[in-house]
Every structure is written in structure tokens, then in C-alpha cells.
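Worksheet: one structure, shown below.
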Amino acid sequence: VVFSPLLFIFAAKTLSPYISAVSTLAIASCGEKNDNQLLVYTEAGFAPYEFVYKNEIVGVDIEIMKAVADKIGVELDVQDTNFDAIIGGVQTGKVNAGAAGITITAERLESVDFSQPYTQTEQYVILPADNTSVKFVEDLAGKNIGVQQGTTSDLMVEELIANGKMTGAILTPYNTPALAAAGIGTKIDAVVTDKLTAEIIINNNAGLQAFPLTNSDGSPVAEIEKYGICVAKGNDELLAIINEVL
Ligand code: GLN
């Protein structure tokens, strides 16, 4: 099945007022895992992969998990949570799966199993549209950087500060990239997030620009990242169905 992120970009642009800071509108859900449903954690502030529209969580990941639930013949129950709670919830069996534009990393593979990759991304930086002084990662030294907590962007910026590439930068974690971007111009100088999410944020805000984060020699700061759906370690049955759908 091929899912079109473009469709969701269109939806996201049309529905822009709904997209930022909406994860608090989470669908009320009955919670506990049971055999008649597929219980999935997401973080609904990550358009186009998951966002809230008319009080409902929608997006690419939700479409994928709907198809998985249909294939199994159970109801899909998507619950919104903080991004950094998803892996733990899947690992401890609180939920069946995590679908949240989650990058497959060696560290996360120690806690959960991942499906085959279904899309790829790279790290982008979001800046005020009139900014001309920040071009490369080194130019972010001493700046206030916003990220979504627990994401690969968060971990990467932490590492860049620690290894002297962004000396003196101050990292502030937010619940969603859109909330971080809302701080640009006041508390925040720049936001680092995944490409498509950065593009949606700037499409909705003429005062912002975004581009790939590179070193001053033009090389990318981070490797290309691949998204996967995660399940508890050893849940090969569910993993096989997810891979079939993908
Ligand atoms: N792909 C990034 C990660 O896995 C961000 C995902 C997200 O913010 N939903 O860390």
C-alpha cells in the first residue's frame, strides 16, 4: 500500500489552525489493552504522520495502523501520549504498537522491534524567514534551540553541544515541534526537527524558513533516518502483518 504524504500535506495546509498545539485534544479512549482491539500509541503533534482534525487523530501512521487492524479484524484504538513515552509503553506491553514517525535507531532496537522502514527523513532547521546569519550547524553555537523531547533531533542537538559543534547552545525540549516553533522570535532562535514536519510548519507560517542542517563543509550533520512501526520484542505475528500492509 502506498500512502501519499502529499495528501496529508494538503490536508495539513488546509487545516492549519488545527495543527499546532492540538495534542491536548486527544481522543478520549477507554484505555486498557484487550483482544478485540489494536491499541496504538502515537504523539499527535507530528503532521503529516499524525495530527488532530475535528477531535480525531488522523495521518499517515493512523492510515497504516487502520489497515493493520482491518487485516487482523479488530478495532483500532489510537492513544495520544508524549513522544518519549511511546517506546516504553510498547516495550512493557501497555500497548500493542507505536506509530509516530519513529526513527529506527540502534538504541531503540534494544527495547523494541521495528517494522520494515516505510519512509525516510533528514534533520531540518527552522529559522525566522529574515535570518541570514545562520547557515550551518556551527552558526547555531550560543543559540536557543527548540526540539521535541526524546526525538532524534533532541538527541542529536544534545550530542552536537557536547562535542563542541554547537558550543554554548541552550536546548529546550517541547512536547511537539509546532510548540517549539511557536517560540521562535521570543524564547527560541531555531528549531531542529524532521524534514516533512519542518516543511509543514513553515507552510503554515510565512515568518519562518527551513532547510537541511549541514556542516559548513556542506556535509550533512546527521545520517538519513528511516521510520518504522514498533512492537514489543518478539511479537513477530503483529510485525508480519504490519510489514504486509507496508
Ligand atoms: N523521527 C523522529 C524520532 O523518531 C521524530 C518523531 C516524532 O517527533 N514524532 O525521534
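The values are calculated or read from the model by the stated rules, or taken from the named source; none is laboratory data. Bear in mind that the values here come from a model prediction, so they are computed numbers and not experimental data. FYI the Cβ positions are ideal-geometry reconstructions off the backbone, even for glycines, and counts take in every protein chain you see. These area figures cover heavy atoms from the full protein model, side chains too; ligands, DNA and RNA do not enter into them. Shrake-Rupley method; radii C 1.70, N 1.55, O 1.52, S 1.80 Å.
Considering only residues that are under 14 Å from the mean Cα position of the chain (by Cα) and part of a strand (DSSP E or B), look in the stretch 92-145 and name the one that is surrounded by the fewest Cβ atoms within 10 Å (Cβ to Cβ).
The qualifying residue surrounded by the fewest Cβ atoms within 10 Å (Cβ to Cβ) is Q120.
Does the stretch 63-85 contain any residue that is closer than 30 Å to S219 by Cα, in contact with a strand residue (DSSP E or B) (Cβ under 8 Å, 6 or more places away or on another chain) and open to solvent by 70 Å² or more (accessible area, probe 1.4 Å)?
Taking every residue of the stretch 63-85 in turn, none turns out to be closer than 30 Å to S219 by Cα, in contact with a strand residue (DSSP E or B) (Cβ under 8 Å, 6 or more places away or on another chain) and open to solvent by 70 Å² or more (accessible area, probe 1.4 Å).
Looking at this structure, is T151 of a type in the set (S, T, Y) and surrounded by fewer than 21 Cβ atoms within 10 Å (Cβ to Cβ)?
No; evaluated as a whole, the condition is false for this residue.
Taking I102, is it farther than 23 Å from G218 by Cα, within 11 Å of the ligand (Cβ to nearest atom) and touching a Phe, Trp or Tyr at 6+ places or on another chain (Cβ under 8 Å)? Spell out the reasoning first.
Numbers: farther than 23 Å from G218 by Cα: yes; within 11 Å of the ligand (Cβ to nearest atom): yes; touching a Phe, Trp or Tyr at 6+ places or on another chain (Cβ under 8 Å): yes.
Criteria met by I102.
Kindly indicate the residue of the stretch 154-177 that is within 13 Å of the ligand (Cβ to nearest atom) and assigned to a loop (DSSP other than H, G, I, E, B) and also least open to solvent (accessible area, probe 1.4 Å) among those meeting that condition.
T176
Can we say D61 is within 14 Å of the ligand (Cβ to nearest atom) and not in a loop (DSSP other than H, G, I, E, B)?
yes
Tally time: how many residues in the stretch 214-230 are more than 17 Å from the chain's Cα centre (by Cα) and in contact (Cβ under 8 Å) with a residue 24 or more places away in the chain?
5
Of all residues in the stretch 185-207, which are of a type in the set (G, A, S) and within 15 Å of Y174 (Cα to Cα)?
Selection gives A190, A198.
So, in the stretch 43-54, of the ones that are touching a helix residue (DSSP H, G or I) at 6+ places or on another chain (Cβ under 6 Å) and free of Cβ contacts under 8 Å to residues at least 60 places away in the same chain, which residue ends up farthest from the ligand (Cβ to nearest atom)?
Across the stretch 43-54, the extreme among qualifying residues is Y53.
Please go through the stretch 216-246 and pick out each residue that is under 30 Å from L160 (Cα atoms), in a loop (DSSP other than H, G, I, E, B) and open to solvent by 20 Å² or more (accessible area, probe 1.4 Å).
Scanning the stretch 216-246 gives S216, D217, G218, S219, V221, A222, E223, I224.
Identify all residues within the stretch 185-235 that are basic (K, R) and within 16 Å of the ligand (Cβ to nearest atom); write none if there are none. Spell out how you get there, then give the answer.
So the first thing to find is which residues in the stretch 185-235 are basic (K, R), and the list is 187, 195, 226, 233.
If the condition is that a residue be basic (K, R) and within 16 Å of the ligand (Cβ to nearest atom), then K195, K226 are the ones that fit.
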